[in-house]
1. If contacts are Cα pairs under 8 angstrom and at least 6 residues apart, what is the relative contact order of the chain in percent?
2. Can you give me the orientation-averaged projected area of the convex hull built on the Cα atoms of the stretch 135-247, in nm²?
3. Which one, [x] 14.9; [y] 15.7; [z] 16.6, gives mean projected area of the Cα convex hull in nm² as derived from the coordinates shown?
4. In what sequence do THR111, THR241 fall when counting other Cβ within 10 Å, fewest first?
5. Which of SER118, SER201 comes first, and how do the rest follow, when ranked by fewest Cβ neighbours within 10 Å?
6. With respect to the cross-link table entries LYS13/LYS100; LYS57/LYS100; LYS182/LYS265; LYS100/LYS182, which display a Cα-Cα separation exceeding 20 Å?
7. To the nearest Å, what is the center-to-center distance of the stretch 138-193 and the stretch 240-276, using C-alpha atoms only?
8. Tabulate in residue order the Karplus-calculated ³J(HN,Hα) for the stretch 150-167, using 6.51 cos²θ - 1.76 cosθ + 1.60 with θ = phi - 60°, rounded to whole Hz; enter x for Gly and Pro.
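Derivation of every value follows stated rules applied to the coordinates shown; laboratory data play no part. All values reported here derive from a predicted model rather than from experimental measurement. No Cβ is skipped: glycine too gets one built from the backbone with ideal geometry, and neighbour counts run over all protein chains shown.
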Amino acid sequence: MSDNSYQPPSVWKWNTESGGKFASINRPISGATHDRDLPKGDHPFQLYSLATPNGVKVTILLEELLELGIEDAEYDAYLINIGEGEQFGSGFVELNPNSKIPAMLDTTTGTRVFESGSIMLYLAERFDVFLPKDHQARTETLNWLFWQMGSAPFLGGGFGHFYAYAPEKWEYPIDRYAMEVKRQLDVLDKHLAENEYMAGSEYTIADMAIWAWYGALVQGKLYEAGEFLDVKSYKHMQRWTEQIGQRPAVKRGTMVNRAWGDPAKQLRERHQASDFELKTQDKLEDTPPDVL
């Protein structure tokens, strides 16, 4: 175990940046740092996001709704560059006072929706799909949706931060969070050994939410930690991840608001279905996955 003689003060104060990838935008207070109105398109839903795992959950669901022919689910998706602090613009803070992506406006009712799980539940209930009508199956879907919301911070802000983004590598937090992430993967793998999807035989919002985080991890696309966590050993997770990844709406959803990596898989903004064929190749500077 590494030597650490740090002794916490009686009252913590924010004196200096902590270092690491997100040091320039992390702060202990909320609210806007600058005035900036949000752009608005013509579709019922206005989404402000980034293709991190939390953002991908929502764009996959929106694309799945459109894949079913639900025209009322049309949306405009605008990129929020969290690395540049755009989530602290006044317009975004008005939509989401917590300043985290994604955030959505339902223009048909004037309803703001923030937190990815809340957005997914809102859309599933609004269009009555991807959330089973049977009481037991519905409850099982929500069990796993909320499991993801509660578990992913250990994967992202815990393991991901200390393994990939912290200014120094510390053995204790990496070991502690790696152990927890592997426990989570074991939970999922054992469940999927007996179920095709998270809630049984029906594909739901729980699958979309968990796939965005843990599917990316099992594919080796998250924190470049696949080998470290031995993700190939989770065979049932591998099967489920590949199965969902083949869905056309999932392939499209992972492209929306992406501005790094393979240019062929980037779509900074999405306004209509044809954007996937006519997408621009504009790129931001490399932006890492969301860890918060």
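1. 22 percent
2. Values: hull surface 26.5 nm².
About 6.6 nm², averaged over all directions.
3. It is the one labelled [z].
4. Listing THR111, THR241 from fewest to most nearby Cβ atoms yields THR111, THR241.
5. Numbers: SER118 12, SER201 8.
Fewest-to-most ranking of SER118, SER201: SER201, SER118.
6. Listed pairs above 20 Å: LYS13/LYS100; LYS182/LYS265; LYS100/LYS182.
7. One Cα centre to the other: 24 Å.
8. Karplus values, whole Hz, x for Gly and Pro: x, 8, 4, x, 5, 6, x, x, x, 4, x, 5, 6, 7, 10, 10, 4, x.
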